[in-house]
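This report concerns only the one structure given below.
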Amino acid sequence: MLKTLIRRELLDNLMTFRFAAAVFITLLLVVANTIVLLKDYEQRLTAYNTAVQESHEALRAEKTYAGYSGTLVAHRPPNPLSIFNLGLDKQVGNKIEVYHAFVPTIWDAEKHGADNPFLNLFTSIDIVLVFQGVLSLLALIFAYDALAGERERGTLRLVLTHPIQRGYILFAKYISAMLCLLVPLLISLLLSIILLTTSTTVALRSDDFFRIGGIVLTSLLYVSLFYLIGLCISAMTRRTSTALMLCMFVWGVLVLVYPNLILTAVDIVPQPETQISVYNQTKQMWEKLDRENKQFIRNDAVLGPPSRGGEDMDAGFGLEGVEYTFWQGEDKPSILLYFHQTGLYAGKIKAESEPQVPHVQDYYDFYNRETINTVQRTWLVRKPALEAIYVKPANLGRMLLRFSPVGLYDTATEAWAGTDLEGIQDFFSTVQRYRRAIVDYFYDQKIFESRQWFAADKGTADWDTLPQFSFQRSDTGINAKRALPDMLLLLTMNVILFTVIMLIFIKSEV
Amino acid sequence: MWHIAKRELYDNLNSLRFALATVLLLALMLTNAAVHLREHPVRMQKYRDAATQSLDTLTSRTDLYDLAQKGPEKLYKKPSPLHFCADGGHSLLPALADAASYFWGGRNLKAFWRMTYPSATPNLKNIDPDATKIDWAFVIGYVLSLIALLFTFDAVSSEREHGTLRLMLANPIPRHTVLIGKFLGAFISVNIPFVIAVLMNLLVISTSSAVHLGADEWGRLGIIIGIAMLYLCLFLALGLLVSARVRQSAVSLVILLLIWVSFVIFMPNTLASIASRFSPAKSYDAFQEDRRQTRRAILEVYHTQREKTDDPSKRMLIASEYVTEDATQDGRVRQEYLRERISQVSQARAITRISPVAIAQHLLEVFAGTGLERHLQFVENVQLYAREYHEFIADTERSDPESPHIIGVRDGMSKKKVSPEAIPIFEDTLSLSKDFNAAAMDLLLLMFFVVVLLAGAYLAFVRVEV
């Protein structure tokens, strides 16, 4: 009996104009946008590859180890799954310096240059966004007359004269509509995957297909939820036109108005103060370091005299053969970043300065060690402050967004694609670990205290044995773990709505 | 006709959709006002601080050579008080043009300033989820159009379904009167919640002391509301057209929604992204290479000419020529690059005019003084000012009879002190007539769409079988 019911519903749905039109529009939009996004991805990948190549060469051109500041750069590759959900992949910086004098975070990153930044005026539409708009609309269009229409036409009464449980009818309607909705979803996904695999630049790994599977599953839950919302409205109203109109208002509110309204309204909430005290604290730690440095130099018998370093901190230490001295640092109160470093570069140290060299080496050993300790101390206060200023408000917006299924769908698919905040943070934690590895390598190889730190005359820096930076996107398991809470919420909403509809439908008069 | 309009109006006023539309529009408009009141003073303060700082630097210079060499500093784009009408990708457009000199000129020579056009600095600190700003453009472009469709989708088809259309047409009324009546009825009933929401929004904004709206702004607001009405007519006509063609009102709404989704939500951005690939601008690297070559060529000419003579006064002339040529040619390459990038975007935007929402968006941006058109006007203002500044330097130089009149080297220029009042000051003005020129095409296109759809609705209704 259930089979007959499903077959009837399926035929009813498949042979309609709305079905054909919806499939056509979904396909058109998905294909057109996949092409756009693919080109965009290719561009970003090219920019990434050039940038990696350039920084590789720039680092090799440095002769002293101290020259790695500003030239040792980690680059974030674009995520191929950003075609499904762009998330933060394009928005956040993708180029970050690795340096022992600060801990790299998402806020310190910069961006690869774009050829025409004006083009950012056009928003990119990813596949999830198309599904978000079109499939939800489609689900409502399938649902609005499922019950109200049959009641209006009187066919519901006829069906119920048979000895069938009401639950079966509901179930049959649900299954057949979901089967119909699967058609545009799967065909358009298939087409976009074909487009992706034919492109030579996108290399999808086998676990990427699991992630895409996760996205499909989430899409299914999302579409099903909208179908149930439609069905609920349909069960509650007497007339199809009222049901349809209500459905459209609900759609407009949930998909179009609520997400944008809530994210705009979050701006009215007072922003947390930039924790200037943390910044001042950081600065004080650096000033303390400066004082200790001066103390160290003053106490040194050779470097001590004012002409060489001493009081006015001439970074050249009066060494004969210094080509230039440098001061490097950042002072950005808005991201609580403060650091500075001094250094020198000597092409060839003259013989008369030779006795001074071991002292300078000693000094740099001390200076770099203390710098790293200071950075560690500042990081302890900077990290929680950054979380409070930036991460918390952003997460508040995301949390409020979850009141609409659209928000749940968006965050869950972002998590699957790895373009969510946590996915991006993965990259920056990798960079932080890499910075640690570099520092350890410098300690192990005694590079901070070596002559090659600042002079290029007796042996130059060997960049080939330096640890290489590599970034792997997180495992599918982790993606799944991040997506699961939102998917579960979607599922719960589905179950609750289904039960509600059941109750309404069982008690309703035909 | 009025009778029909009145009947439609009463029908609508009692309906659920009217209540829902009112609530929706009010919520959106009030949020818009609240956000504007919060953000606008901050934006203005930031602009004022930056502009004052750069002006102070400029007026602190008294030496003519310094003025000529260092240029008029950074020039800032003035934020529009009507920002709440259209955000226009505010954060995606550059906020300034830079007219300072930090270029290397050559041995013993300082390069002259030229206009540089920095790109917008993207807010990389932003880790919020992506969202469209709730501005009037959003409310009108997306929500109002959806509401218009929801008010008209069953205007004809449901009456036909119920059989009331037959009854009505049995009376001696011409069909076009019925149609116009229905159109007017729907127009007024959508306008009631819209106008209420707009008035509430303006009430909140204008009573606050944080934002000052002048006569010019009120005029612009009037135009914007007019555009909104025109845009509303377009969707009402579309709704009537489909409603007259289709037997069932449900099918009519389905068709309308699919048209709406593809034209309003997806078409503008997708089309623009595709279109922008057809005429790619020069790549950034190619532009830098261009600049390097141009400057190197000029430097080489300078060196060879300098070798030829030992006469200091002649050398001064050559240096002056080099410095001026370097600044003009480099400035030209920069301007060319900017022009290319802008024309790429403009072409892409032109193609999006297929979609009425894109037209409305452009029009609102133009009259609100935000967005790309506004930026183009800013660039034009900046270039005019640059010319004025150059003339000022040349005039001051000419007015000093003791100077050797060699602009470009310190010793060749007037030593007289320049008073701060004489220095021209950059003013970023907006002119309504220019805005009209920029908007004319879009306005005509919008009217054309309205007329075509109304005619279509009329034809469809006249031929409809009852």
Inset, instruction - Out of A:VAL159, A:VAL216, A:VAL202, report the one residue that is in the same structural domain as A:VAL30 (by TED's automatic domain parsing), closer than 23 Å to A:LEU497 by Cα and not small (Gly, Ala, Ser). - result: A:VAL216
Inset, instruction - For the range B:418-447, enumerate the residues that are more than 30 Å from B:ASP63 (Cβ to Cβ), touching a helix residue (DSSP H, G or I) at 6+ places or on another chain (Cβ under 9 Å) and part of a helix (DSSP H, G or I). - result: B:LEU432, B:LYS434, B:ASP435, B:PHE436, B:ALA438, B:ALA439, B:MET441, B:ASP442, B:LEU443, B:LEU445, B:LEU446, B:MET447
Inset, instruction - Six or more apart or on different chains, Cβ under 8 Å: which pairs go from a residue in the range B:222-242 that's touching a residue at least 40 places away in the same chain (Cβ under 8 Å) to one that's among the charged types (D, E, K, R)? Could you list them? - result: B:LEU240/B:LYS182
Inset, instruction - Return yes or no: is A:VAL266 within 24 Å of the chain's Cα centre (by Cα), closer than 30 Å to A:TRP379 by Cα and assigned to a helix (DSSP H, G or I)? - result: yes
Inset, instruction - Please verify whether the range B:203-212 includes one or more residues that are within 12 Å of another protein chain (Cβ to nearest Cβ), more than 30 Å from B:SER343 (Cα to Cα) and surrounded by fewer than 16 Cβ atoms within 10 Å (Cβ to Cβ). - result: no
Inset, instruction - Would you check if there is a residue in the range B:183-199 being of a type in the set (Phe, Trp, Tyr), within 21 Å of the chain's Cα centre (by Cα), assigned to a helix (DSSP H, G or I) and modelled with pLDDT of 85 or more? - result: no
Legend entry - Scan of the range B:283-335 for residues that are under 30 Å from A:ARG44 (Cα atoms), crowded, with 16+ Cβ neighbours inside 10 Å and of a type in the set (Gly, Ala, Ser), ordered by number: B:GLY331
Inset, instruction - Tell me, yes or no, whether the range B:207-230 has at least one residue that is of a type in the set (S, T, N, Q), in a helix (DSSP H, G or I) and farther than 30 Å from B:TYR458 by Cβ. - result: yes
Inset, instruction - Could you figure out which of (1) part of a helix (DSSP H, G or I); (2) free of Cβ contacts under 8 Å to residues at least 24 places away in the same chain isn't true of B:ARG277? - result: (1)
Legend entry - Candidates A:ILE96, A:ILE35, A:ILE25, filtered to the one that is more than 10 Å from every other protein chain (Cβ to nearest Cβ) and either touching a strand residue (DSSP E or B) at 6+ places or on another chain (Cβ under 9 Å) or among the aliphatic types (A, V, I, L, M) (or both): A:ILE96
Inset, instruction - Take B:ASP98 and decide whether it is among the charged types (D, E, K, R), buried (at least 19 other Cβ atoms within 10 Å of the Cβ), assigned to a strand (DSSP E or B) and within 29 Å of the chain's Cα centre (by Cα). - result: yes
Inset, instruction - Say whether the condition of being acidic (Asp, Glu) and either under 30 Å from B:GLY222 (Cα atoms) or at pLDDT 90 or above (or both) is met by at least one residue in the range B:360-368. - result: yes
Inset, instruction - Residues being within 13 Å of chain B (Cβ to nearest Cβ) and either among the aliphatic types (A, V, I, L, M) or part of a loop (DSSP other than H, G, I, E, B) (or both): count how many of those fall in the range A:221-250. - result: 11
Inset, instruction - Quick one: B:GLU217 ticks every box in (1) over 18 Å from B:MET44 (Cβ atoms); (2) more than 14 Å from chain A (Cβ to nearest Cβ) except a single one, so which number is it? - result: (1)
Inset, instruction - State all residues of the range B:295-316 that are touching a helix residue (DSSP H, G or I) at 6+ places or on another chain (Cβ under 8 Å) and part of a helix (DSSP H, G or I); if no residue qualifies, say none. - result: B:ARG295, B:ILE298, B:LEU299, B:VAL301, B:TYR302, B:GLN305, B:ARG306, B:ARG315, B:MET316
Inset, instruction - Please find, within the range B:12-36, the residue that is farthest from the chain's Cα centre (by Cα) out of those that are more than 11 Å from chain A (Cβ to nearest Cβ) and of a type in the set (S, T, N, Q). - result: B:ASN14
Legend entry - the range A:382-432 - residue that is among the polar types (S, T, N, Q) and within 13 Å of chain B (Cβ to nearest Cβ) and, of those, nearest to A:PHE469 (Cα to Cα): A:GLN425
Legend entry - Qualifying positions in the range A:393-433 - surrounded by 20 or more Cβ atoms within 10 Å (Cβ to Cβ) and under 14 Å from A:THR105 (Cβ atoms): A:LEU421, A:ILE424, A:PHE427, A:PHE428, A:VAL431
Inset, instruction - Search the range B:256-281 for residues being more than 19 Å from A:GLN132 (Cβ to Cβ) and more than 8 Å from every other protein chain (Cβ to nearest Cβ), and hand back the single one that is surrounded by the most Cβ atoms within 10 Å (Cβ to Cβ). - result: B:LEU256
Inset, instruction - Go through the residues of the range B:392-400 one by one and say whether even a single one is at pLDDT 90 or above and out of contact with any Ser or Thr (no Cβ under 6 Å at 6 or more places or on another chain). - result: yes
Legend entry - Hits in the range B:299-321 - residues which are of a type in the set (A, V, I, L, M, F, W, C) and within 12 Å of B:VAL409 (Cα to Cα): B:MET316, B:LEU317, B:ILE318, B:ALA319
Legend entry - Selected residue (criterion: surrounded by the most Cβ atoms within 10 Å (Cβ to Cβ)) from residues of the range A:99-111 that are within 14 Å of chain B (Cβ to nearest Cβ) and in contact (Cβ under 8 Å) with a residue 40 or more places away in the chain: A:ILE106
Legend entry - Positions within the range B:23-66 being surrounded by fewer than 20 Cβ atoms within 10 Å (Cβ to Cβ), among the aliphatic types (A, V, I, L, M) and more than 30 Å from B:PHE194 (Cβ to Cβ), in sequence order: B:ALA50, B:LEU55
Inset, instruction - Select from the range A:4-40 the residues that are among the polar types (S, T, N, Q) and crowded, with 17+ Cβ neighbours inside 10 Å and write down the one among them that is modelled with the lowest pLDDT. - result: A:ASN13
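The values are calculated or read from the model by the stated rules, or taken from the named source; none is laboratory data. Being a predicted model, the structure only gives us computed values, none of them experimental. Quick reminder, even Gly has a Cβ in these numbers, built from the backbone with ideal geometry, and neighbours come from all protein chains shown.
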